[in-house]
1. Once the Cα atoms of helix 252-272 and of the chain are each reduced to a long axis, what angle between those two axes, in degrees from 0 to 90 to the nearest 10, is obtained?
2. Only loop residues by DSSP count here, and only those with at most 15 other Cβ atoms within 10 Å; note down the chymotrypsin sites (Phe, Trp or Tyr not before Pro) in the range 219-315 that meet that.
3. Taking 0.36 nm per residue of sequence separation and subtracting the Cα-Cα distance, how much length would be gained by fully extending the chain between Phe341 and Val263, in nm to one decimal?
4. So which chymotrypsin sites (Phe, Trp or Tyr not before Pro) in the range 59-107 end up in coil per DSSP with only 11 or fewer other C-beta atoms within 10 Å?
5. What is the spin-label model distance, in nm, from Arg439 to Asn405 if the labels are put 7 Å beyond Cα along the C-beta direction?
6. On a 0 to 90 degree scale, rounded to 10, what angle separates helix 111-129 from the longest Cα axis of the chain?
7. If exposed means no more than 15 neighbouring beta carbons inside 10 Å and the site is in a DSSP loop, what's the longest run of the chain without any exposed GluC sites (Glu not before Pro)?
8. With every protein chain left in place and a probe of 1.4 Å, what is the accessible surface of Val97, to the nearest 10 Å²?
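The values are calculated or read from the model by the stated rules, or taken from the named source; none is laboratory data. These numbers come from a predicted model, not from an experiment. Cβ sites come from the backbone with ideal geometry, for glycine too, and all protein chains shown count toward neighbours. Ligands, DNA and RNA are stripped out before the accessible areas are found, and what is left, the full protein with its side chains, is counted by its heavy atoms. Shrake-Rupley method; radii C 1.70, N 1.55, O 1.52, S 1.80 Å.
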Amino acid sequence: MIPALVIFAVTYLLMLALPKERPWVALCSAAVFMALGQLGVYDFSLSAALGAVDYNVLLMMSGTMGIVSLFIRSRMPARLAEQLIVWVPNAQWAVCVLALFAGVISAFVDNVATVLMVAPVGLAIARKLKISPVPVIIAIAVSSNLQGAATLVGDTTSILLGGFAEMNFFDFFWMHGRPGVFWGVELGALTSLLVLLWLFRKEKQPITARVETQVEDDVPTALMLLTVGLLIVASFLPQPESGLLATLYDLRSGLICMTLCVVGVVRACLREHSAKPLVQVVQELDRDTLLLLFGLFIVIAGIRTAGVIDAAAQLFHTVAGEDPFRLYVLLVVVSVVLSAFIDNIPYVATMLPVVQGIAALMNNGAGMAPEVFYFGLLTGATLGGNLTPIGASANIAAIGILRKNGETVRTADFLRIGVPFTLAAVLTGSVYLWLVWGRAL
């Protein structure tokens, strides 16, 4: 176990030290584990390594990224934001409505993409009202991060949870006869909206706005809605026992997203009589995240084979004891703190099997249902990124947009919004999830 633990520790340290090289660090670490398996150090064959990769997750992410790219190019998000701003009375409500809109979009669209599509509207409003755009864009970013945990396709962490726990799209709303994690996120969103209203309480300048953006193509919007609809329908399909149908069933969410993406790209190319839409979609794919996850799936399978996952689960169980509430709080707090400084994608990917192992050790080894612990992990890891400017990719993207527009962003500017926003959302969401799921343990 020691060699595997050392390799994993070095991998994590290198990913922290070299954030731009994370995919290659993960892939090299995966290659090391596969080599050790071939040498007989661990019972970890090449087929086992490749079988550990969740291809459904990778297909779902790739397809969603492509559809989102087409959706942004259609300019529909900007028009929707403008239509919302028309109805608000002043700058305070304009900022809060934009943040809420970013959150709603982010429940179905990647967080960074959401910031890229909503931030220009926020910048335009700030310039028109002659107020600083810094808090406006930060509010949009943190709200985007929050709602990413609401649905299966909202964030990479949600997709990871869905794949690992075999949760379908509908399970995020209603699961095992109880309200799902979606409602905890939404309660957190409502609480954090009150925080934003208080933070922007002095911005009472009246606002007048017009709907100026013209939507160039309605089909990408239809594809977005159809993706959600088909994912819901797929939630109710019966599972085949074996064979090709069983394989397709396991890949159903990814195949839906990829098929609709291909349809959208082919249509766009035919419409423009050019391969330019295909080139743009390929260029805008987050290849780094896809490669990172491919490598991490193999690395995590390797450390599981070596016994590291079981040892980590035993450590958590030793600290929390047999009290499920103490374990739940520990997972939420640790996830919030760590995700404020490290990327939540590798963290969640690593911790999901650990949480599964902890749940199996509870109740004196008889085990207990892991769902509430999964939800605690997801809530803490996704929302914890809002504590600091480097805690989430959307935050980094927002700060980059501000700097490109000549704005200086201090850490204090971010913390003034991020800390109360995060604490309010995490506290509300985690309490709700425990009351709904934890008390039944």
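1. Around 40 degrees separate the two axes.
2. Working: sites: Phe236, Tyr249, Phe294, Phe297; in loops: Phe236.
Passing both the DSSP loop test and the Cβ count: Phe236.
3. Taking 0.36 nm per residue and subtracting the Cα distance, the gain is 24.2 nm.
4. Trp87
5. Going from the Arg439 label point to the Asn405 one covers 4.4 nm.
6. 20
7. With a cap of 15 other Cβ atoms within 10 Å, the longest stretch comes to 1-165.
8. Rounded to the nearest 10, that gives 30 Å².
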